[in-house]
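The values are calculated or read from the model by the stated rules, or taken from the named source; none is laboratory data. Computed from a predicted structure; not experimentally measured. Cβ sites come from the backbone with ideal geometry, for glycine too, and all protein chains shown count toward neighbours.
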Amino acid sequence: MHVLDISWFTDSMREGRPVAVETRHLIQDTLPTLPEGSTPTPVATVSQYACQRRTTTENNNKILTDAFEVLAESYEFSEIEGPCLAFRRAASVLKSLPCEVRCLEDTQDLPCLGEHTKAVIEEILQYGRSFEVEKMLSDERYQTLKLFTSVFGVGPKTAERWYRRGLRSFSDILSEPSIQLNQMQQTGFLHYEDISRAVSKAEARALGNIIDEAVHTITSDAILALTGGFRRGKEFGHDVDFIVTTPELGREKSLLPDIIDELKEQGILLYCDYQASTFDIAKLPGYRFEAMDHFAKCFLILRLEGSKVEGGLNSAEEDNRSWRAVRVDLVSPPMDRYAFALLGWTGSRQFERDLRRYARLERRMLLDNHTLYDKTKKEFLAATTERDIFAHLGLEYIEPWQRNA
Ligand code: CTP
Ligand code: MN
Ligand code: MN
């Protein structure tokens, strides 16, 4: 039970229904008073769930989180899930902190930090680096898998197969006659330099204009929204993600093929992997979370002219080409699934994982990119905005730029 401030009542009156309780609604005076002379323990504890933390792009513990991410990735390459997730969670907790960790005691009350993570922190605080991480960074297998998976279309499985065959470099792969690259990997190698260079905010904006124009030659009532890392306020990304739909239910099915045709006509479509919708409302809720949602989507590589980008392309200095290749993802959910798709595609990956984990473990609900299902009431919970979904989950609303977990 909470004792609430009048602001909860006025907020509820404004919304026309009881709103979810947020920290600002709690009466601070009702917190227990401390005996004289005692030091107050900090009230705000850090939640184990990323969806209950506010994480901006400002990371005060980059040295530590970079180290954790190397270790997480190395466990991922070895398909050892437990420690991989543990390091990802630990990195995510540290990213949410408003200041730098200066000594081990600073981490005392933090969740998700186990013995192994604390040992790495201690090493870095003491020596400025972690020997375990450095060993990994110079490990041949790690380096090779990292290199191979940096190619568009090459996942950990393929990378591992190539590594086992003794291949160590791109030229090893490209000169090996028995290796048949698929279309995606061929394009990946062809545009490797461009695609592995970060996409800037200005480039993302230019692509937004291009997609927007293409969409509006097709239909006047289309809805286009930036999502992914750029919606979270990141300065750079590995691609640009958009949601595109229309209020006319069913019309979204032909939207992506039409956009793709338009981009082709403009001569800027370098690669297109289109996946038609397999979304079936009768098959919801999905009890097993699948890595991919069922909406129509396409993974593209577009040719972006420098003249369309304010301040020019993000390219190497000696490079004076007039264009670059950029990865773009488009997803096209039916309008009544819009809020779930937007929440799911805004990320970050860790934030999404914890939203689903929180829903399942704390609320007995199932959340994915399509829907939210209450297992207790055995009903679907409707939402037209992200705020609705947070409210159903009893979570304080977290703005997109606070989801960089
Ligand atoms: N996503 C998804 N289903 C997919 C692909 C992506 O739900 N088939 C989600 C991811 O979980 C992520 C978001 O879409 O939350 C964006 O994915 P991605 O572009 O890979 O990552 P970003 O967070 O945008 O990071 P970056 O800036 O590197 O692109
Ligand atoms: Mn992205
Ligand atoms: Mn993407």
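When residues of segment 313-333 are filtered for being more than 21 Å from the chain's Cα centre (by Cα), in contact (Cβ under 8 Å) with a residue 60 or more places away in the chain and away from ligand 2 (no atom under 16 Å from the Cβ), how many remain?
Adding up the residues that qualify gives 4.
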Check your understanding: Since Arg303 meets every condition but one in (1) at negative phi; (2) crowded, with 21+ Cβ neighbours inside 10 Å, which condition does it not meet?
Key -> (2)
**Study point:** Neighbours by Cβ (under 7 Å, 6+ apart or cross-chain): first from segment 293-305, modelled with pLDDT of 95 or more; second aromatic (Phe, Trp, Tyr) and part of a strand (DSSP E or B)
**Key:** Cys298/Tyr274; Leu300/Tyr271; Ile301/Tyr271; Arg303/Trp323; Leu304/Trp323; Glu305/Trp323
Review point. Which pairs have Cβ atoms under 7 Å, sit 6 or more apart or on different chains, and link a residue in segment 1-25 that is under 22 Å from Arg54 (Cβ atoms) to one that is basic (Lys, Arg) and exposed (fewer than 15 other Cβ atoms within 10 Å of the Cβ)?
Key: Ser7/Arg24
Exercise for review: Hey, can you tell me all the residues within segment 74-90 that are touching a residue at least 40 places away in the same chain (Cβ under 8 Å) and touching a helix residue (DSSP H, G or I) at 6+ places or on another chain (Cβ under 7 Å)?
Suggested key: Ser74, Glu76, Phe77, Arg88
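Among the listed residues Gly153, Gly128, identify the single one that is more than 24 Å from the chain's Cα centre (by Cα) and at positive phi.
Gly128
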Practice item. Report yes if some residue within segment 256-270 is under 24 Å from the mean Cα position of the chain (by Cα), more than 16 Å from ligand 2 (Cβ to nearest atom) and crowded, with 20+ Cβ neighbours inside 10 Å; otherwise report no. Key: yes
Study note, to complete from the structure: The number of residues in segment 94-118 that are in contact (Cβ under 8 Å) with a residue 12 or more places away in the chain and either among the basic types (Lys, Arg) or part of a helix (DSSP H, G or I) (or both) is 8
Exercise for review: Kindly list, by first and then second residue, each pair from a residue in segment 235-247 that is within 9 Å of Ala225 (Cβ to Cβ) to a residue that is more than 10 Å from ligand 1 (Cβ to nearest atom) and basic (Lys, Arg), limited to pairs with Cβ atoms under 8 Å and residues at least 6 apart or on different chains.
Suggested key: none
Review point. Among the listed residues Phe351, Phe340, which satisfies the condition of being hydrophobic (A, V, I, L, M, F, W, C), surrounded by 22 or more Cβ atoms within 10 Å (Cβ to Cβ) and within 23 Å of Lys95 (Cα to Cα)?
Key: Phe351
Exercise for review: Looking for whichever is in contact with a strand residue (DSSP E or B) (Cβ under 9 Å, 6 or more places away or on another chain), surrounded by fewer than 22 Cβ atoms within 10 Å (Cβ to Cβ) and more than 20 Å from Arg54 (Cα to Cα) here; the options are Glu379, Glu317, Glu310. Which one fits?
Suggested key: Glu379
Exercise for review: Find the residue count for segment 378-402, including only residues that are under 20 Å from Arg357 (Cβ atoms), out of contact with any His (no Cβ under 6 Å at 6 or more places or on another chain) and part of a loop (DSSP other than H, G, I, E, B).
Suggested key: 7
Review point. If Gly311 passes every condition in (1) on the phi > 0 side of the Ramachandran plot; (2) in contact with a Cys (Cβ under 8 Å, 6 or more places away or on another chain) but one, which one does it miss?
Key: (2)
Check your understanding: Taking segment 335-361 on its own, how many of its residues are within 16 Å of ligand 3 (Cβ to nearest atom) and of a type outside the set (D, E, K, R)?
Key -> 10
Check your understanding: Does segment 340-360 include one or more residues that are over 28 Å from Ala198 (Cα atoms), in a helix (DSSP H, G or I) and either assigned by TED's automatic domain parsing to the domain that holds Asp221 or in contact with a Gly (Cβ under 9 Å, 6 or more places away or on another chain) (or both)?
Key -> no
Review point. Does Val3 qualify as being over 21 Å from the mean Cα position of the chain (by Cα), surrounded by 15 or more Cβ atoms within 10 Å (Cβ to Cβ) and modelled with pLDDT of 80 or more?
Key: no
Practice item. Being of a type in the set (Asp, Glu) and within 16 Å of ligand 3 (Cβ to nearest atom) is the filter here, so list the residues in segment 233-269 that pass it. Key: Asp239, Asp241
Review point. Given Pro111, Pro98, which one is in contact with a Ser or Thr (Cβ under 9 Å, 6 or more places away or on another chain) and at pLDDT 95 or above?
Key: Pro111
Exercise for review: Could you grab me the full set of residues in segment 54-74 that are part of a helix (DSSP H, G or I) and either among the β-branched types (Val, Ile, Thr) or touching a Gly at 6+ places or on another chain (Cβ under 8 Å) (or both)?
Suggested key: Ile63, Thr65, Val70
Point to revise | Scope segment 200-221; condition in a loop (DSSP other than H, G, I, E, B) and either β-branched (Val, Ile, Thr) or crowded, with 22+ Cβ neighbours inside 10 Å (or both); matching residues | key: Thr219
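Tell me, which residue of segment 358-387 that is more than 20 Å from the chain's Cα centre (by Cα) and among the acidic types (Asp, Glu) is nearest to Thr23 (Cα to Cα)? Walk me through how you get there before you give the answer.
Taking segment 358-387 first, the residues more than 20 Å from the chain's Cα centre (by Cα) are 361-365, 373-384.
If we keep only those that are among the acidic types (Asp, Glu) too, we end up with 362, 374, 379.
On the way: Glu362: 18, Asp374: 24, Glu379: 28 Å.
Selected residue: Glu362.
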